[in-house]
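Asks: Have a look at this one.
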Amino acid sequence: MPEMLLSQRSRICYTFSMTTESHLLRAKGTALHQQIFLVLRDGIIQGLYAPGTALPKEEALVKLFGVARATVRRALADLEAEGLVQRRHGSGTFVRANLSTGANIASLSFVDELRQNAQTTDVQVITVETVAPPPWVSAVMQIPREDLAVRAVRMRLLGKTPAMLTEAWVRRDAAVGVTAATLKKHAMYKIVMAHGVEFGRVVQEISAESADPYKAGLLHCELSTALIRLTRLMHDKGGRPVMHVTAHMLPQHSRILMEIPGDAIDTLSAGHIVHDPLLAETAEPRTKRQQASKKH
C-alpha cells in the first residue's frame with residue numbers, strides 16, 4: 001500500500017508536467033538529454049507508461065521540452081541502453097513488455113535492508129584507513145579531537161554498473177576487524193556487529209548533490225549530474241554515535257523506499273523537511289541576475 005500511494009502521488013505530478021511545456025535548465029548543470037532521460041525514466045518507473053505502451057513521439061517531446069530533435073534522440077537512446085524501452089523504426093519508442101518497475105517490495109527492517117543491499121550488489125573497496133577525522137565528523141560523532149577514526153570508501157556495483165558510492169566513518173573501538181580484506185567478504189555492519197556493537201537509533205537524511213569530478217569518475221556519470229545523497233548516523237544501544245555513512249547514488253539506478261507506521265506519522269520517524277534560509281537568500285540574487293540577462 002505505501003508503494004502504491006507514492007506512485008499515485010508521483011503520477012499526478014508527472015502527468016501535470018507532461019501537459020505543459022517544460023523549461024529545462026540550460027545553464028551549467030545536468031545535460032539537457034540527461035534531464036529528459038530522467039523525466040521519462042521516472043514516468044516509466046512510476047507506471048505512467050505501462051509495459052508495452054508507446055512513449056510520446058519525438059515531435060511531441062521536442063515541443064514539450066523545447067530542445068532539438070538530436071537531444072530527444074540521445075535521451076531515448078539512453079533509455080534503450082538502460083533496457084527500459086525498445087525503439088522500433090517507423091513505429092516509435094515502446095516500454096519493454098517484460099519490464100518490472102519493482103512496485104511490490106516487501107517491508108524490511110533496518111538490518112534486513114543492509115543485508116539485502118549486501119546480497120544484491122558486489123563491492124569494490126576503494127580505501128580503508130585510520131586517520132584523524134575532519135572537524136565536522138568529530139563533532140557529529142562526538143569523537144575527541146585527538147582521537148582517530150576508521151574511514152572506508154566503497155563502491156556497490158550492479159554487475160559492472162556503479163550503483164552506490166559510500167563513505168563510512170567508524171569509531172576506532174567499534175571498527176575492530178574492519179580492513180580492506182574483510183570488507184571484500186563481509187558488509188560493514190556485519191563486521192561491526194560481530195565485535196559486539198548492537199545498533200540502536202539511526203538518524204537519516206536524504207538530500208541531493210551535484211557530482212564533483214571525483215564522484216563523477218567513480219560513478220561513471222557526467223560532471224554536475226544530480227545524485228541522491230543518503231546520510232545515516234548510527235548509534236549503539238547506549239545512544240553513542242558509532243558510524244556515519246554517506247551514500248551517493250544515481251537516480252536512474254536507485255530509489256529510496258520508506259514505510260512509516262501510522263502511530264509514527266507525527267514524529268521525526270516520518271521525516272522532517274528542513275529549509276535553509278541562508279541558501280535561499282544567496283540564491284535570490286542569482287535568479288534576479290538570470291532574469292536581467294534574459295532581458296538583454
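The values are calculated or read from the model by the stated rules, or taken from the named source; none is laboratory data. Just so we're clear, the structure is a prediction, and the values are computed from it rather than from any experiment. Backbone-built Cβ (ideal geometry, glycine too); neighbour counts: all protein chains shown. For the accessible areas, the whole protein counts, side chains as well, though only heavy atoms, and no ligand, DNA or RNA atoms are used. Shrake-Rupley method; radii C 1.70, N 1.55, O 1.52, S 1.80 Å.
Asks: Test ARG96 against the stated conditions and say whether it is farther than 28 Å from MET258 by Cα, at pLDDT 50 or above and of a type in the set (Lys, Arg). Quick ask: steps written out before the conclusion?
Replies: On the way: farther than 28 Å from MET258 by Cα: no; at pLDDT 50 or above: yes; of a type in the set (Lys, Arg): yes.
So ARG96 does not fit the description; no.
Asks: Check whether at least one residue in the stretch 184-197 is basic (Lys, Arg), crowded, with 20+ Cβ neighbours inside 10 Å, more than 17 Å from the chain's Cα centre (by Cα) and more than 23 Å from ILE44 (Cβ to Cβ), and report yes or no.
Replies: To start, the set of residues in the stretch 184-197 that are basic (Lys, Arg) comprises 184-185, 190.
Restricting the remaining residues to those that are crowded, with 20+ Cβ neighbours inside 10 Å gives none.
No, that holds for no residue.
Asks: Condition first: touching a residue at least 24 places away in the same chain (Cβ under 8 Å) and either surrounded by 10 or more Cβ atoms within 10 Å (Cβ to Cβ) or among the aromatic types (Phe, Trp, Tyr) (or both). Can you find one or more residues in the stretch 260-268 that meet it?
Replies: Initially, the stretch 260-268 is screened for residues touching a residue at least 24 places away in the same chain (Cβ under 8 Å), giving 260.
Still in the list and also either surrounded by 10 or more Cβ atoms within 10 Å (Cβ to Cβ) or among the aromatic types (Phe, Trp, Tyr) (or both): 260.
The answer is yes; a qualifying residue exists.
Asks: Which condition number does GLN86 fail, the rest of (1) out of contact with any Leu (no Cβ under 8 Å at 6 or more places or on another chain); (2) modelled with pLDDT of 90 or more; (3) part of a helix (DSSP H, G or I) being met?
Replies: Here GLN86 meets the rest and fails (3).
Asks: What do you reckon, is VAL170 β-branched (Val, Ile, Thr), open to solvent by 40 Å² or more (accessible area, probe 1.4 Å), assigned by the TED database to the domain that holds MET243 and at pLDDT 90 or above? Even if it seems obvious, please write down each step before you answer.
Replies: On the way: β-branched (Val, Ile, Thr): yes; open to solvent by 40 Å² or more (accessible area, probe 1.4 Å): no; assigned by the TED database to the domain that holds MET243: yes; at pLDDT 90 or above: yes.
For VAL170, the condition - β-branched (Val, Ile, Thr), open to solvent by 40 Å² or more (accessible area, probe 1.4 Å), assigned by the TED database to the domain that holds MET243 and at pLDDT 90 or above - is not met.
Asks: Working only within the stretch 119-134, note down all residues that are of a type outside the set (Ser, Thr, Tyr) and either crowded, with 17+ Cβ neighbours inside 10 Å or part of a strand (DSSP E or B) (or both).
Replies: ASP122, VAL123, GLN124, VAL125, ILE126, VAL128, GLU129, VAL131, PRO133, listed by residue number.
Asks: Take LEU183 and tell me if it is within 21 Å of VAL123 (Cβ to Cβ) and modelled with pLDDT of 90 or more. Quick ask: steps written out before the conclusion?
Replies: On the way: within 21 Å of VAL123 (Cβ to Cβ): yes; modelled with pLDDT of 90 or more: yes.
Criteria met by LEU183.
Asks: Still on this structure, I have one more. Considering only residues that are open to solvent by 40 Å² or more (accessible area, probe 1.4 Å) and closer than 22 Å to ALA226 by Cβ, which ones fall in the stretch 46-67?
Replies: GLN46, LEU48, GLY66
Asks: A follow-up question, please. Consider LEU223 carefully, then state whether it is hydrophobic (A, V, I, L, M, F, W, C), free of Cβ contacts under 8 Å to residues at least 40 places away in the same chain, in the same structural domain as LYS160 (by the TED database) and open to solvent by 50 Å² or more (accessible area, probe 1.4 Å).
Replies: Details: hydrophobic (A, V, I, L, M, F, W, C): yes; free of Cβ contacts under 8 Å to residues at least 40 places away in the same chain: yes; in the same structural domain as LYS160 (by the TED database): yes; open to solvent by 50 Å² or more (accessible area, probe 1.4 Å): yes.
Yes: the conditions hold for LEU223.
Asks: Has the stretch 134-142 got at least one residue that is touching a helix residue (DSSP H, G or I) at 6+ places or on another chain (Cβ under 8 Å) and either farther than 30 Å from ILE36 by Cβ or modelled with pLDDT under 95 (or both)? Walk me through it before giving the result.
Replies: The initial filter retains those residues of the stretch 134-142 that are touching a helix residue (DSSP H, G or I) at 6+ places or on another chain (Cβ under 8 Å), namely none.
Within the stretch 134-142 (the criterion being touching a helix residue (DSSP H, G or I) at 6+ places or on another chain (Cβ under 8 Å) and either farther than 30 Å from ILE36 by Cβ or modelled with pLDDT under 95 (or both)), the answer is no, since none of the residues qualifies.
Asks: Give me the pairs, please: first residue somewhere in the stretch 127-155 and over 25 Å from LEU219 (Cβ atoms), second residue anywhere and among the charged types (D, E, K, R), beta-carbon distance under 6 Å, and either six or more positions apart or on two chains.
Replies: Here the result reads SER138/ARG145; LEU148/ARG172, each pair linking the stretch 127-155 to a residue that is among the charged types (D, E, K, R).
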